[in-house]
Amino acid sequence: MWGGRFAEGPSSIMREINASIPFDKALWRQDIAASKAHAAMLGACGIVSAEDAKAIEAGLDRVAAEYEAEGVPEDWSLEDIHMTTESRLAELIGAAAGRLHTGRSRNDQVATDFRLWVRDAIDQVDAGLEALQRALVMRAAEHADSIMPGFTHLQTAQPVTLGHHLMAYYEMFRRDRSRFADARKRANESPLGSAALAGTGFPIDREMTAQALGFDKPTANSLDSVSDRDFALDYLMSAAQCSLHLSRLAEEFIIWASQPFGFVRLPDSLSTGSSIMPQKKNPDAAELVRGHAGRIVGSAVSLMVTMKGLPLAYSKDMQDDKPPVFEAASLLSLSVAAMTGMVAEAQFRTDRMRQAAELGYATATDLADWLVRQAGIPFREAHHITGAAVKLAESRGIALEALSLADLQAIDARIGEGVYAALSVEASVAVRASHGGTAPVEVRKRIAEAREALGMGG
């Protein structure tokens, strides 16, 4: 490839450190597609003959068929997927293969291939997240009325519905999908034709190749085109944020599946056992999703540090751009699939959830609010009175609404019989009907909106 400049070939160490074929072979589909678009453009512009353009296209199809059937061979002397493909093309069609690289460089070639790969990865994760959202909406609809404790600091705070809780994750993944969509839009410009860094003197048609590859337009600056990896960082940042949401959902299932909580039975298909304790059912899939988040975040940091001090234009450091993106994409895909299965197949123990809400004194705020509304007591004083009532109920091991009227009036004589209408967990969730609140009527509104957005029908 470049031996004419050097008297000696590279050392074995140089060959090993320089070769990227072990990982960039993952780009072969994108490399074939971009090369076919480039060859067609060269032929259309008269830069190569129509005969050579057709031979190149047919040869590339043969190479693609070989890769599909047998995999991509790893010859480290050929360095990367680009030279591996060009070398095989030359074996198949002869000298015409050497015309394929006219008007382009490996710099704009890899930038194009990588953008195409990231674009595909975004489309794949978006489809996965949509499936996860659908699972959340379906289960939320089942449990729009199912009462559970809402937590702050992992302490029982106020009653909420399980449907409301699940729809919170729908919103997180909705934002994730919007971040990926934004990343895709910015990435969808074609670097092909920028050549090494300065463009090319051949009369190429960059609009033609951009259109052929589904890009919105060609990139505007050749220096930026070959050295830009913002599209990969955008993907990794979106993936990192998404992985945090997946990790939070996984953590909920881990906690809920523990015996002290007992809120959920995880599907056998996403659990494992113990080699020594036969009673164990471990939430390993959820724990691995939680662990994968750290690796995905690490991938984002890795590429950020690689890119932070590079002068224009291309530097060989950028060969290390692909492994973190490939790893993050693989881990993210697995994590989304695992949590989709967990949401869809988990058995929620709503009896335990309701019991926890009642015994956790989750309606204490409702008592304080009743004292403010009905007895005209300042909230701070009502807060103090309610604290005394909770302390009494806790000492007896009963729910707040199980205290007798005499018990409550012994704490404060202004408490009347009407207070019991506010102390049930059903009343507590029903009254919170503000927009986005946990009242079942509001939860069903949000579910209806989500179903429409996802095209799920009524």
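Please state which one of 145, 108, 123 is at pLDDT 95 or above, open to solvent by less than 20 Å² (accessible area, probe 1.4 Å), of a type outside the set (A, V, I, L, M) and within 33 Å of the chain's Cα centre (by Cα). Break it down into steps so the answer makes sense when it comes.
Numbers: 145 fails: open to solvent by less than 20 Å² (accessible area, probe 1.4 Å); 123 fails: open to solvent by less than 20 Å² (accessible area, probe 1.4 Å).
Answer to the selection: 108.
Which one of the conditions (1) of a type in the set (A, V, I, L, M); (2) assigned to a helix (DSSP H, G or I); (3) farther than 23 Å from residue 147 by Cβ does residue 415 fail to meet, given that it meets all the rest?
(2)
Please indicate, with yes or no, whether at least one residue in the stretch 131-142 is within 19 Å of residue 256 (Cβ to Cβ), of a type in the set (Lys, Arg), modelled with pLDDT of 95 or more and under 22 Å from the mean Cα position of the chain (by Cα).
yes
Consider residue 197 against the criteria (1) outside any helix (DSSP H, G or I); (2) in contact with a Leu (Cβ under 9 Å, 6 or more places away or on another chain); (3) surrounded by 20 or more Cβ atoms within 10 Å (Cβ to Cβ): it satisfies all of them except one. Which criterion is unmet?
It fails just one condition, (3).
Any idea how many residues of the stretch 288-309 are in a helix (DSSP H, G or I) and open to solvent by 70 Å² or more (accessible area, probe 1.4 Å)?
The qualifying residues number 6.
Are there any pairs with C-beta distances below 6 angstrom linking a residue in the stretch 440-458 that is more than 11 Å from residue 137 (Cβ to Cβ) to a residue that is acidic (Asp, Glu), with the two at least 6 apart or on different chains, and if so which?
440/145
What number of residues in the stretch 435-458 are modelled with pLDDT of 95 or more, on the phi < 0 side of the Ramachandran plot and open to solvent by 50 Å² or more (accessible area, probe 1.4 Å)?
Number satisfying all stated conditions: 8.
In the stretch 326-340, is there at least one residue being open to solvent by 80 Å² or more (accessible area, probe 1.4 Å), of a type in the set (A, V, I, L, M) and closer than 30 Å to residue 229 by Cβ?
For the stretch 326-340, residues open to solvent by 80 Å² or more (accessible area, probe 1.4 Å), of a type in the set (A, V, I, L, M) and closer than 30 Å to residue 229 by Cβ: present.
Quick test for you: out of 59, 46, pick the one residue that is crowded, with 22+ Cβ neighbours inside 10 Å, over 29 Å from the mean Cα position of the chain (by Cα) and of a type in the set (Gly, Ala, Ser).
Every option except 59 fails the conditions.
Applying the selection to the stretch 371-413, what residues are open to solvent by less than 40 Å² (accessible area, probe 1.4 Å) and of a type in the set (Asp, Glu)?
Listed by number, the residues that qualify are 407, 412.
Out of 346, 313, I need the residue that is of a type outside the set (Lys, Arg) and either more than 18 Å from residue 226 (Cα to Cα) or at pLDDT 95 or above (or both). Which one?
346
For residue 212, state whether it is touching a Ser or Thr at 6+ places or on another chain (Cβ under 8 Å), at pLDDT 95 or above and surrounded by 17 or more Cβ atoms within 10 Å (Cβ to Cβ).
When the stated conditions are applied, residue 212 does not pass them.
Could you figure out which of (1) at pLDDT 95 or above; (2) buried (at least 22 other Cβ atoms within 10 Å of the Cβ); (3) in a loop (DSSP other than H, G, I, E, B) isn't true of residue 362?
It fails just one condition, (1).
Give the stretch 383-412 a look and list any residue that's assigned to a loop (DSSP other than H, G, I, E, B), closer than 17 Å to residue 358 by Cβ and modelled with pLDDT of 90 or more, or say none.
Correct list: 403, 404.
Just one of 118, 110 is in contact (Cβ under 8 Å) with a residue 60 or more places away in the chain, among the β-branched types (Val, Ile, Thr) and over 30 Å from residue 453 (Cβ atoms); which is it? Before you say what the answer is, go through the steps one by one.
Working: 118 fails: over 30 Å from residue 453 (Cβ atoms).
Exactly one of 118, 110 is in contact (Cβ under 8 Å) with a residue 60 or more places away in the chain, among the β-branched types (Val, Ile, Thr) and over 30 Å from residue 453 (Cβ atoms), namely 110.
Given the conditions (1) open to solvent by less than 50 Å² (accessible area, probe 1.4 Å); (2) within 30 Å of residue 19 (Cα to Cα); (3) not acidic (Asp, Glu), report the number of the one that residue 316 does not fulfil.
Residue 316 satisfies all of (1) open to solvent by less than 50 Å² (accessible area, probe 1.4 Å); (2) within 30 Å of residue 19 (Cα to Cα); (3) not acidic (Asp, Glu) except (1).
May I ask you to list the residues in the stretch 440-458 that are assigned to a loop (DSSP other than H, G, I, E, B) and among the aliphatic types (A, V, I, L, M)? Can you show your working first?
Residues of the stretch 440-458 assigned to a loop (DSSP other than H, G, I, E, B): 454-458.
Hits for the stretch 440-458 are 454, 456.
Which members of the stretch 215-244 meet the condition of being open to solvent by 40 Å² or more (accessible area, probe 1.4 Å) and assigned to a loop (DSSP other than H, G, I, E, B)?
216, 220, 221
Considering only the stretch 310-328, state which residues are assigned to a helix (DSSP H, G or I) and either in contact with a Pro (Cβ under 6 Å, 6 or more places away or on another chain) or of a type in the set (A, V, I, L, M) (or both).
If the condition is that a residue be assigned to a helix (DSSP H, G or I) and either in contact with a Pro (Cβ under 6 Å, 6 or more places away or on another chain) or of a type in the set (A, V, I, L, M) (or both), then 318, 325, 328 are the ones that fit.
The values are calculated or read from the model by the stated rules, or taken from the named source; none is laboratory data. If you're wondering where the values come from, they're calculated on a predicted model, not measured in any experiment. Note: ideal-geometry Cβ built from the backbone for every residue, glycine included; neighbour counts use all protein chains shown. The accessibility values were calculated without ligands, DNA or RNA, using every heavy atom of the protein model including side chains. Shrake-Rupley method; radii C 1.70, N 1.55, O 1.52, S 1.80 Å.
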